[in-house]
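Written below as structure tokens is the structure these notes are about.
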């Protein structure tokens, strides 16, 4: 009787161990599968987020491109209005050495320019600032810009000319020529410390008789 009991116990113990081993294997598999599934879900989520970010970036670029195209079309359309413009009047004003102050003599010329722009509301003015060759080109570009800006504000303040009708450019000493004489005191240098004025507008037509 003892042998069968012992054998039965051994069988039960063996089966229990097998079942425990099976449960352990299933648990490990389930855990591994769950971890891999989580990694896959995370990868999918990252790809989706990247795709959404790319979509947003593409939409922004498309919007920006549309805005640029619109501005370009607007600029082209506005430029078309100036196709038949001609230079109606030209003038020059001069400045003291290393100065952007408007002189009394310059005011007389600027008054002429202001009166002409007031009379012709569709006209525009090109204002170019120049310097003599004394000093660096970098400094002279800034000085030329100050001279052009001083001219601009004279026309704005004294004649109410709208800013969009005034176009400024500084040449600095880029177009300056070295003159004979005592550098900054030479007449050649004095003639290069200037602002040029060009009034652009539609050609004036003479009414037919």
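The values are calculated or read from the model by the stated rules, or taken from the named source; none is laboratory data. What you are looking at is a predicted structure, and each value in this text was computed from that prediction instead of being measured. Note: ideal-geometry Cβ built from the backbone for every residue, glycine included; neighbour counts use all protein chains shown.
Overview of results
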item: Residue 143 being under 25 Å from residue 84 (Cα atoms), at pLDDT 95 or above and in a helix (DSSP H, G or I); result: no
item: Selection within the range 174-193 - touching a strand residue (DSSP E or B) at 6+ places or on another chain (Cβ under 8 Å) and at pLDDT below 90; result: 175, 176
item: Residue 196 being modelled with pLDDT of 95 or more and in a strand (DSSP E or B); result: yes
item: Subset of the range 113-138 (residues that are at pLDDT 95 or above and part of a helix (DSSP H, G or I)); result: 113, 114, 115, 116, 117, 118, 119
item: Some residue of the range 133-140 being buried (at least 20 other Cβ atoms within 10 Å of the Cβ) and without any contact (Cβ under 8 Å) to a residue 40 or more places away in the chain; result: yes
